[in-house]
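Reviewing the structure listed below.
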Amino acid sequence: MMDWNQIRQQWQDGEACSPTPVSVASVQRRDKELRTQVRHRDWLESAVGLLIAPFFAVAAGIAVAHDAWLPALFAAFLAAWALYVPWHLWRNRRLLPQAEPGRPLLDYLRASHTAMLLQARQLEQLWRWYLAPCAIGVIGLTFSVRGPVTGAFFYAAAMLGFCVLVALLNKHVAQTQFRVHAQQIEQQIFELTKEPSA
Amino acid sequence: MSNKNQRHDRAQDVEFETLLGNNHAALVRLARHYSSPADWQDLLQEMHLQLWRSLASFDGRSARATWVYRVALNTALSHRRKPNHQHQSLEPLAERGDAGVPIDELSLLEKFLAALDPIQRAVLLLDLEGMEREQIADVLGLSANAVAIRMTRLRKAFEAQFLENA
């Protein structure tokens, strides 16, 4: 008969631990580095939006001064979009449920599952809040300024092609990463909650 | 920064240092069983980081050891989902008995653990760390009864495999 207590004791005694001393300072340093990286990413997103928005706002102002109302409308639309994108990203990150690692595993997995599905959905819907408004604004501005010339049609086609490609790539990432992870978590939740047979 | 804040930070540092020191061996074991041999130190670092970040939210409603295992296990399972961390490998230990040498219990246990899914592995690892059923239940978010049934089943399966290899 196997002595489980003995196995347990052997297990606890047997592991040769890493001799590397655990430095609190190094953990704190890593934490600080990662937080700085996140702040920089957020700052960069906002900065790009804040740089683009005034450019289109000024373009809209100039168009209004020349009584070119249609180009002004599209330029204003692009300025608003440039401000909306960083705000949208900021809001979504804050609305994303955080899986708190100090919670019991089952709660943690459920929160992770919800977060994973939300992230997948955000990527799948990128075309709605990012690509489509950008394409409408840029193509609209091009046609309203240049008229229906061949170059404008080529530009519009290239722009649309690029947007479709980006949308498909994001959809692919959502389905091959986030939704796959969500399924894995769902499987783990199932393993954890299924009624064990005695 | 005021003296009061500095004292608080220092106390938190000491508390964290003690926590890591007390649980170092268990965290290493957990990290090794949820990552590849080349990757377990990354996972260990990630566990330390998550413990540090979560320390302020520890409300004392569960035992400190239970909380440490929760954070470590949750981090380990998330780590496995990251790209390039999908596999875990215990091959060097698991294959010790293949050369005609009688296999010992611990080697067989490693092999048995490697074949389990991450959830079942967690149940067995927590038990091997000497946790009571109620504590394991608290880590996993299950009832003590559900843990007991799983443990019995796992031990029986291991015993059967051991007898088969003996």
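The values are calculated or read from the model by the stated rules, or taken from the named source; none is laboratory data. Source: prediction; values computed, not measured. Methodologically, a virtual Cβ is constructed for each residue, glycine included, from the backbone with ideal geometry; neighbour enumeration extends over all protein chains shown. Just so you know, the surface numbers come from the protein's heavy atoms only, side chains and all, with ligands and any DNA or RNA stripped out. Shrake-Rupley method; radii C 1.70, N 1.55, O 1.52, S 1.80 Å.
Can you pull out every residue in region B:121-144 that is open to solvent by 30 Å² or more (accessible area, probe 1.4 Å), assigned to a helix (DSSP H, G or I) and at the interface with chain A (Cβ under 9 Å from one of its Cβ atoms)?
B:Asp138
Here are some conditions: (1) among the aliphatic types (A, V, I, L, M); (2) farther than 28 Å from A:Trp127 by Cβ; (3) more than 14 Å from every other protein chain (Cβ to nearest Cβ). A:Ala80 meets all but one. Which one does it not meet?
So the condition that A:Ala80 fails would be (2).
Residues of region A:138-154 being of a type in the set (A, V, I, L, M) and either touching a residue at least 12 places away in the same chain (Cβ under 8 Å) or surrounded by 15 or more Cβ atoms within 10 Å (Cβ to Cβ) (or both), which ones?
Residues satisfying the conditions are A:Val138, A:Ile139, A:Leu141, A:Val145, A:Ala152.
Any idea how many residues of region A:78-104 are surrounded by fewer than 18 Cβ atoms within 10 Å (Cβ to Cβ) and either closer than 16 Å to A:Leu141 by Cα or polar (S, T, N, Q) (or both)?
Number satisfying all stated conditions: 3.
Rundown of residues vs (1) open to solvent by 30 Å² or more (accessible area, probe 1.4 Å); (2) part of a helix (DSSP H, G or I), yes/no style:
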{"position": "B:Ser35", "(1), (2)": "no, no"}
{"position": "B:Leu49", "(1), (2)": "no, yes"}
{"position": "B:Phe58", "(1), (2)": "yes, no"}
{"position": "B:Ala65", "(1), (2)": "yes, yes"}
{"position": "B:Ala76", "(1), (2)": "no, yes"}
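Under 6 Å between Cβ atoms, which residue pairs at least 6 apart in sequence (or on different chains) link something in region A:1-14 that is within 16 Å of B:Phe112 (Cβ to Cβ) with a partner that is in a helix (DSSP H, G or I) and not hydroxyl-bearing (Ser, Thr, Tyr)?
A:Met2/B:Glu159; A:Ile7/B:Glu105; A:Arg8/B:Leu128; A:Gln10/B:Leu106; A:Trp11/B:Leu128; A:Gly14/B:Leu106
Taking region A:138-159, which residues are under 21 Å from A:Ala82 (Cβ atoms), within 32 Å of the chain's Cα centre (by Cα) and among the hydrophobic types (A, V, I, L, M, F, W, C)?
Matches in region A:138-159: A:Val138, A:Ile139, A:Leu141, A:Phe143, A:Ala156, A:Ala158, A:Met159.
Hey, among A:Ala157, A:Ala135, which residue is open to solvent by 30 Å² or more (accessible area, probe 1.4 Å), more than 14 Å from every other protein chain (Cβ to nearest Cβ), part of a helix (DSSP H, G or I) and out of contact with any strand residue (DSSP E or B) (no Cβ under 9 Å at 6 or more places or on another chain)?
A:Ala157
If A:Leu70 passes every condition in (1) among the hydrophobic types (A, V, I, L, M, F, W, C); (2) open to solvent by 90 Å² or more (accessible area, probe 1.4 Å); (3) at pLDDT 95 or above; (4) out of contact with any helix residue (DSSP H, G or I) (no Cβ under 6 Å at 6 or more places or on another chain) but one, which one does it miss?
The single condition A:Leu70 does not satisfy is (4).
Tell me, please, whether a residue that is surrounded by 14 or more Cβ atoms within 10 Å (Cβ to Cβ), among the basic types (Lys, Arg) and either within 30 Å of B:Ile119 (Cα to Cα) or at pLDDT below 90 (or both) can be found in region A:41-61.
No, region A:41-61 contains no residue that is surrounded by 14 or more Cβ atoms within 10 Å (Cβ to Cβ), among the basic types (Lys, Arg) and either within 30 Å of B:Ile119 (Cα to Cα) or at pLDDT below 90 (or both).
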